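Trainee: The structure follows.
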Amino acid sequence: MAETVTMDLVSPEKLLLSDAYEMVVVPGTEGDFAVMAGHTAVTSSLRPGVISIYEGDVEKDRIFVNGGFAQIAEDKLTVLAEEAIHVADLDRTDLEQRIQDASEDIEDAKDDETRRKAQENKDQLEQLLEALG
C-alpha cells in the first residue's frame, strides 16, 4: 500500500472531511501544489479553486474551496476553508441562471457598495461554474 497523507478539511461550521489519501492537490495563492506523505512543512493561503484528491493516478474527489489556508506538518494536511463544496454537488443550469441574475443585480445597483457585493457574488458563481469544467 502506498504511503498516505491525512487531510482534514474544516469549514467555519464543521469538520467536512478527515481521511488519508495518496496525494492531494491544493489551490495555493501562488499556484497549485501537491501534498504527499513526507511533504515539507508549509503554510499557504488558498485562492478560490478546486482541491483534487487522488488515489494512485485516479482523481477520487474534487472539492471547490473559496479561499482559506492550508497547513502541512509531518504527514498531515489541514485545510481551513472559508467555504467548501463538492464539485459533484454543483448544477450547471442553476449556476448559469444565478450568474445571469447576478449580472442583472450589478446593472440594477443603485450605489457602489451594492454593485461591489453583486460583482463579488457573480465572480464566486463564475469560479464555481469553472470548477465544473
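The values are calculated or read from the model by the stated rules, or taken from the named source; none is laboratory data. Please read all numbers here as calculations on a predicted model, not as lab measurements. Positions of Cβ are generated from backbone atoms using ideal geometry, with glycine treated the same way; all protein chains shown enter the neighbour counts. What goes into the accessible areas is simple: the full protein's heavy atoms, side chains included, and nothing from ligands, DNA or RNA. Shrake-Rupley method; radii C 1.70, N 1.55, O 1.52, S 1.80 Å.
Trainee: With every protein chain kept in place and ligands, DNA and RNA left out, what is the accessible area per residue of the chain? Probe 1.4 Å, answer in Å².
Mentor: 59
Trainee: Right, here's the next one. With each label point set 7 Å from Cα along the Cα-Cβ vector, what nm distance links residue 42 and residue 55?
Mentor: It works out to 2.5 nm between the two label points.
Trainee: Still on this structure: By a straight-distance test (C-alpha under 20 Å), which lysines pair with residue 76 as possible cross-link partners, with residues fewer than eight away in the same chain excluded?
Mentor: Those lysines meeting the cut-off are 14, 60.
Trainee: Same structure again: From the gyration tensor of the Cα coordinates in the chain, what semi-axes in whole Å does the equivalent ellipsoid have, largest first, with each one equal to sqrt(5λ)?
Mentor: 32, 16, 11
Trainee: Could you calculate the contour length gain from residue 2 to residue 91, that is, 0.36 nm times the residue separation minus the distance between their Cα atoms, to one decimal place in nm?
Mentor: Gain on extension, residue 2 to residue 91, equals 28.6 nm.
Trainee: How large, in percent, is the carbon and sulfur part of the accessible surface of the chain at a probe radius of 1.4 Å?
Mentor: Whole-percent figure for carbon plus sulfur exposure: 46.
Trainee: Starting from the Cα-Cα distance between residue 29 and residue 108, subtract it from 0.36 nm times their residue separation and give me the gain in nm to one decimal.
Mentor: Net length gain for the segment: 25.2 nm.
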